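The values are calculated or read from the model by the stated rules, or taken from the named source; none is laboratory data. Because the structure is predicted, anything quoted here is derived from the model rather than measured. Note: ideal-geometry Cβ built from the backbone for every residue, glycine included; neighbour counts use all protein chains shown. The accessibility values were calculated without ligands, DNA or RNA, using every heavy atom of the protein model including side chains. Shrake-Rupley method; radii C 1.70, N 1.55, O 1.52, S 1.80 Å.
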Amino acid sequence: MKVFQIRQSATGTILWTGSAADPLAALDAMAHAAGYYDHSDMPDHLRAGCLHVAEIRA
């Protein structure tokens, strides 16, 4: 597993940091932690802020 950090590009706010197999799995994990089934279930206005997923080194 790799460690990813998800930020909202417009503000630079860190939304989630954690382990995932790949960037898509990181988005799904973040959404699940927020109460959604996966990232496709998140409201459009949350995804519209251009989420940036980056692998980080621990």
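A 1.4 Å probe, protein heavy atoms only, puts the accessible area of Arg7 near 90 Å².
Out of the chain, which chymotrypsin sites (Phe, Trp or Tyr not before Pro) are coil in DSSP terms and have no more than 10 other C-beta atoms within 10 Å? For chymotrypsin sites (Phe, Trp or Tyr not before Pro) across the chain that sit outside H, G, I, E and B with at most 10 neighbouring Cβ atoms in 10 Å, the list reads Tyr37. The calculated 222 nm mean residue ellipticity attributable to helices in the chain amounts to -6500 deg cm²/dmol, summing -39500 (n - 2.57) over DSSP H runs of n ≥ 4 and dividing by all residues. Heavy atoms of the protein chains alone define the surface here; on that basis the chain has 67 Å² accessible area per residue at 1.4 Å probe size.
Shown for the chain: the carbon plus sulfur share of the solvent-accessible area, taken with all protein chains present and a 1.4 angstrom probe, equals 55%.
Derived scalar couplings between HN and Hα for the range 20-26 equal 7, 6, 7, x, 5, 5, 5 Hz in order, rounded to whole Hz, by the Karplus curve 6.51 cos²θ - 1.76 cosθ + 1.60 (θ = phi - 60°), x for Gly and Pro. P(r) tail, the chain: Cα-Cα pairs separated by more than 18 Å, 25% of all pairs. Heavy-atom accessible area for Ser19, with the other protein chains in place and a 1.4 Å probe, reaches approximately 70 Å². By a 1.4 Å probe calculation restricted to protein chains, Asp38 has an accessible surface near 30 Å², given to the nearest 10.
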